[in-house]
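**Q** Handing you a structure now.
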Amino acid sequence: RKEVEQDPGPFNVPEGATVAFNCTYSNSASQSFFWYRQDCRKEPKLLMSVYSSGNEDGRFTAQLNRASQYISLLIRDSKLSDSATYLCVVKSNDYKLSFGAGTTVTVRA
Amino acid sequence: EAQVTQNPRYLITVTGKKLTVTCSQNMNHEYMSWYRQDPGLGLRQIYYSMNVEVTDKGDVPEGYKVSRKEKRNFPLILESPSPNQTSLYFCASSLYGVSFFGQGTRLTVV
């Protein structure tokens, strides 16, 4: 079983729509959680950290469910510029970072 | 400007010809790592280093070597490249789990 699993998508949504997707992790001792964004095989860049109580950054909302071992990302009012691959990253207590394979989102005009 | 610099960006080489991909960071991070990215497989960790002279294997270390003689540099060495090492490679430095990536090296081994 992979340490971090994501639905690869693609999620194809119109501008202005809301899109949400999850990421599951297998290590219950995982400590920190992040969402990264990657454009067209460029380097991944941090989108946001995920806090236990959930957090928002503009149109982006991240949630953590430790009991079910998943994190989620919700994008409201989608823009064309949100088209990208979103990577889920989990940090375990031994400092190991595990990456999901990514969820592709395409926002169409 | 905080950055991770890796070189070269593109490299085509032949099987068996030793090569080194350099990686340098200017953020004084202790943790650095190398990843390869292949379609459908996501980022897989090759090696990581928690500090100078401390390195450890990641998930796919076979065929690779690394060294960490100084904090800012973390080169990736392929002693005898093979076609299955054709991939997109990223170096990253991290602090508290937040990673900063280099721009990537697209390696083709023929």
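The values are calculated or read from the model by the stated rules, or taken from the named source; none is laboratory data. The model shown is predicted, which means the values in this text are computed figures rather than measured ones. Neighbour counts are summed over all protein chains in view; Cβ atoms, including those assigned to glycine, are modelled from backbone coordinates with ideal geometry.
**Q** For the range A:68-91, give me each residue that is within 17 Å of residue A:6 (Cβ to Cβ) and more than 10 Å from every other protein chain (Cβ to nearest Cβ).
**A** A:68, A:69, A:70, A:71, A:72, A:73, A:74, A:75, A:82, A:83, A:84, A:86
**Q** Return yes or no: is residue B:11 on the phi < 0 side of the Ramachandran plot, buried (at least 20 other Cβ atoms within 10 Å of the Cβ) and assigned to a strand (DSSP E or B)?
**A** The answer is no for residue B:11.
Conditions tested, residue by residue: (1) over 14 Å from the mean Cα position of the chain (by Cα); (2) more than 14 Å from chain B (Cβ to nearest Cβ); (3) closer than 27 Å to residue B:102 by Cα.
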site	(1), (2), (3)
A:12	yes, yes, no
A:36	no, no, yes
A:61	no, yes, yes
A:93	yes, no, yes
A:108	yes, yes, no
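**Q** Of the numbered conditions (1) under 25 Å from residue B:4 (Cα atoms); (2) buried (at least 19 other Cβ atoms within 10 Å of the Cβ); (3) touching a residue at least 60 places away in the same chain (Cβ under 8 Å), residue A:23 satisfies every one except a single condition; which is it?
**A** If we test residue A:23 against (1) under 25 Å from residue B:4 (Cα atoms); (2) buried (at least 19 other Cβ atoms within 10 Å of the Cβ); (3) touching a residue at least 60 places away in the same chain (Cβ under 8 Å), just (1) comes out false.
**Q** Looking at the structure I just gave you, is residue B:43 at the interface with another protein chain (Cβ under 9 Å from one of its Cβ atoms) and either surrounded by 12 or more Cβ atoms within 10 Å (Cβ to Cβ) or hydrophobic (A, V, I, L, M, F, W, C) (or both)?
**A** yes
**Q** Can you tell me how many residues in the range A:38-58 are more than 21 Å from residue A:79 (Cβ to Cβ), away from chain B (no Cβ under 14 Å) and of a type outside the set (Ser, Thr, Tyr)?
**A** 1
**Q** Quick test for you: out of B:49, B:24, B:67, pick the one residue that is small (Gly, Ala, Ser), away from chain A (no Cβ under 12 Å) and under 26 Å from residue A:88 (Cα atoms).
**A** Going through B:49, B:24, B:67 in turn, the sole match is B:24.
**Q** Is there any pair linking a residue in the range B:87-106 that is within 16 Å of residue B:5 (Cβ to Cβ) to one that is of a type in the set (S, T, N, Q) and modelled with pLDDT under 95, with Cβ under 6 Å and at least six apart or on different chains, and which?
**A** Final answer for the pair search is B:92/B:99.
**Q** OK, next. Looking only at strands (runs of 3 or more DSSP E) that fall completely inside the range A:36-88, which ones have 2 or more residues that are of a type in the set (Val, Ile, Thr) and closer than 30 Å to residue B:89 by Cβ?
**A** A:70-75
**Q** Another question, if that's okay. Output the number of residues of the range B:68-89 satisfying the condition of being part of a loop (DSSP other than H, G, I, E, B) and in contact with a strand residue (DSSP E or B) (Cβ under 7 Å, 6 or more places away or on another chain).
**A** 8
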